[in-house]
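Asks: Structure incoming, see below.
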There are 2 protein chains.
Amino acid sequence: MSLNFYHASVPVFVKFLNNLEGLLKKAEFYSQSKNLDDAVLLQSRLYPDMFPLVRQVQIAADFAKSVSARLAGAEVPSYEDTEQSYAELALRLEKTRQFLLNLPESAFADAAGREVVLRPGTAKEKRFASAEDYLLLYGLPQFYFHVTTAYAILRHNGIEVGKKDFMG
Amino acid sequence: MSLNFYHASVPVFVKFLNNLEGLLKKAEFYSQSKNLDDAVLLQSRLYPDMFPLVRQVQIAADFAKSVSARLAGAEVPSYEDTEQSYAELALRLEKTRQFLLNLPESAFADAAGREVVLRPGTAKEKRFASAEDYLLLYGLPQFYFHVTTAYAILRHNGIEVGKKDFMG
């Protein structure tokens, strides 16, 4: 089996969104066992000017959908960042996975030739040399950065999760 | 340009090892400006039973070399984990990058057909369904997990690094 853009994006994102959901389930279980509001952990961060857990999850999910959509030549759906509970975050992850799984594998056949330009026409426009660079040197590292940071916030708070939960 | 095993491993690992070295340079500069022993940050961790910064860096470098070597059909070099200073870690990262850059791109042409088995013949043997799974669902996430955790340890300690440093 050779590498292709579909295999390097959709199943990867789906797997690690599942793993992220598993991490959040453990956090939710812990919160409930201690009678904590969902916000206690969801608003935790590793440093005051870092994003809290809830935002790390939203951003990870956003990279999964935007990278996959752009490689497939599909429109990137826009989701509001309104989640305040574990239940709402689980719905966000499920909605994201459904979007990914509905992208037809055939739409990725032309990915190599797609031009990827983020924020076109703005001062923060970012043009990638190739779709390959966009996926390998931008999309995947951004995604893993936020999933790992979500893990790190939970771990730092003493939730009993391990790398096995991250890796699935 | 289509995806291939070389592009999805060696240049990716080299880029993020460079970024990791940049993060460590900022940590070293901070340490020196405060007259701290290198060990203060290098032995920092996010939770008592997590690995400290120095180990996160060693493990990230190890995944870079072992994944690339296995895809290239080369022997995985063994490096001792003896680093105790920023200077020694920089050498470790440089040695790892040199190993990666000396792997001929042509050796990755047969990667798709390689059988990857970790710890063969032991109770912890792990056999991958394909080289693709090994890279996409194991090697890259493991690598990013440890680079991001190194970043998170520095960030949590107030070192002025940002996602731009992680992304390079």
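The values are calculated or read from the model by the stated rules, or taken from the named source; none is laboratory data. Every value quoted in this text rests on a predicted model; they were computed, and no experiment measured them. Cβ sites come from the backbone with ideal geometry, for glycine too, and all protein chains shown count toward neighbours. Heavy atoms of the whole protein, side chains included, go into the accessibility calculation; ligands, DNA and RNA do not. Shrake-Rupley method; radii C 1.70, N 1.55, O 1.52, S 1.80 Å.
Asks: Net charge near A:Lys126: determine it from the other residues with C-beta under 13 Å of the C-beta of A:Lys126, scoring Lys and Arg +1 and Asp and Glu -1. Walk me through the numbers before you get to the answer.
Replies: Values: positive: A:Arg70, A:Arg119, A:Lys124, A:Arg127, B:Lys164; negative: A:Glu115, A:Glu125, A:Asp133.
Net local charge, A:Lys126 excluded: +2.
Asks: Sticking with this structure for a sec: Carbon and sulfur atoms: what percent of the 1.4 Å accessible area of the protein assembly as shown do they account for?
Replies: Working: 7350 of 14950 Å².
Here it works out to 49 percent.
Asks: Grab the DSSP H runs of chain A that are 4 residues or longer, score each as -39,500 (n - 2.57), total them, divide by all residues and round the 222 nm result to the nearest 500 deg cm²/dmol.
Replies: Using -39500 (n - 2.57) per qualifying helix, the result is -17000 deg cm²/dmol.
Asks: Here's another thing I want to ask about it. Rounded to the nearest 20 debye, what is the charge dipole size of the range B:46-97 about its Cα centre when +1 sits on each Lys and Arg Cβ and -1 on each Asp and Glu Cβ?
Replies: 220 debye
Asks: Please sort by residue number the trypsin sites (Lys or Arg not before Pro) in the range A:66-142 whose DSSP state is loop and whose Cβ has at most 13 other Cβ atoms within 10 Å. Display every interim value, and only then the final one.
Replies: Values: sites: A:Arg70, A:Arg92, A:Lys95, A:Arg97, A:Arg114, A:Lys124, A:Lys126, A:Arg127; in loops: A:Arg114, A:Lys124.
Those satisfying the criteria are A:Lys124.
Asks: Once each part is reduced to its C-alpha centroid, what is the distance from the range A:40-73 to the range B:14-91 in angstrom?
Replies: Measuring centre to centre over Cα atoms gives 26 Å.
Asks: Given charges of +1 on the Cβ of Lys and Arg and -1 on the Cβ of Asp and Glu, with all other atoms neutral, how large is the dipole of the protein assembly as shown about its Cα centre, in debye to the nearest 20?
Replies: Approximately 140 debye in magnitude.
Asks: Can you give the mean number of other chain Cβ atoms that lie within 10 Å of the Cβ atoms in peptide B:147-160?
Replies: Per residue, the average neighbour count from other chains is 4.
Asks: Hey, what D do you get for chain A in µm²/s if you plug the Kirkwood alpha-carbon radius into Stokes-Einstein at 37 °C and 0.692 mPa s?
Replies: Rounded, D is 197 µm²/s.
Asks: Determine how many Å³ per residue the convex hull of the Cα atoms of the range B:25-121 encloses. Write down the numbers at each step before the final one.
Replies: On the way: hull volume 12.1 nm³, N = 97.
Taking only Cα atoms, the range B:25-121 has a hull volume of 125 Å³ per residue.
Asks: Moving to a separate point now. So if I place +1 on the C-beta of Lys and Arg and -1 on the C-beta of Asp and Glu, and nothing else carries charge, what would the dipole magnitude of chain A be about its Cα centre? I want it in debye, nearest 20.
Replies: Dipole size: approximately 320 debye.
Asks: Across the Cα atoms of the protein assembly as shown, what radius of gyration and what greatest pairwise Cα-Cα distance (Dmax) are found, in Å?
Replies: Looking at the protein assembly as shown, its Cα Rg and Dmax stand at 19.7, 58 Å.
Asks: Send over the per residue convex hull volume for the range A:37-85, Cα only, as a whole number of Å³.
Replies: Convex hull volume per residue, Cα atoms: 77 Å³.
Asks: Once all Cα-Cα distances of the range B:83-168 are split into 10 Å bins that start at 0, what whole-number percent is in each one?
Replies: Using 10 Å bins, I get a P(r) of 13, 30, 35, 20, 2 for the range B:83-168.
Asks: A follow-up question, please. Total accessible area buried between chains B and A, 1.4 Å probe, in Å² to the nearest 100?
Replies: 3600 Å²
Asks: Can you give me the orientation-averaged projected area of the convex hull built on the Cα atoms of the range B:3-50, in nm²?
Replies: With the hull built on Cα positions only, its mean projection is 4.7 nm².
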